[in-house]
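Laboratory data are not the source of any read-out in this text; all were calculated from the coordinates shown. Predicted, not measured: the structure shown is a model, and the values here were computed from it. All Cβ positions, glycine included, derive from the backbone under ideal geometry; neighbour counts span all protein chains shown.
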Amino acid sequence: MMRIKEMEQCLDQATAALAQTEAALDAYQAAQPAIAMLAAYLGSDDWRKDLAADERGLLPLDLKRGVLSEDGIWNLLERNRELLQQMRDLAAQGTEPLQQP
């Protein structure tokens with residue numbers, strides 16, 4: 001009986017983790033076009049023009065401008081690269097259970 005309870009806890013934990021991971025991966029995949037747009041924007045003529053407008057005080061004070069910080073976009077792109085590599089490494093490890101029914 002103890003073993004069944006322990007295995008049920010394992011099943012519940014793994015089921016919840018898989019559901020959370022699937023949802024996170026769906027959101028991550030959906031964000032890839034936005035990440036690609038940010039990669040193209042960083043350092044582009046548009047980015048330079050927007051930064052110059054900000055430096056001249058032409059943008060509204062209440063406008064968020066995190067994208068005008070090179071570090072903000074660069075850090076996001078680096079995190080994206082690291083996460084993609086982590087997923088590749090995980091896939092290469094072959095995380096399938098050793099025994100399947």
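Structural remarks
- Members of the range 44-78 found to be surrounded by 11 or more Cβ atoms within 10 Å (Cβ to Cβ) and not in a helix (DSSP H, G or I), listed by number: S44, L59, R65, S69
- Filtered residues of the range 1-51 (kept if polar (S, T, N, Q) and in contact with a helix residue (DSSP H, G or I) (Cβ under 9 Å, 6 or more places away or on another chain)): Q32
- Filter result for A30 (surrounded by 10 or more Cβ atoms within 10 Å (Cβ to Cβ) and of a type in the set (A, V, I, L, M)): no
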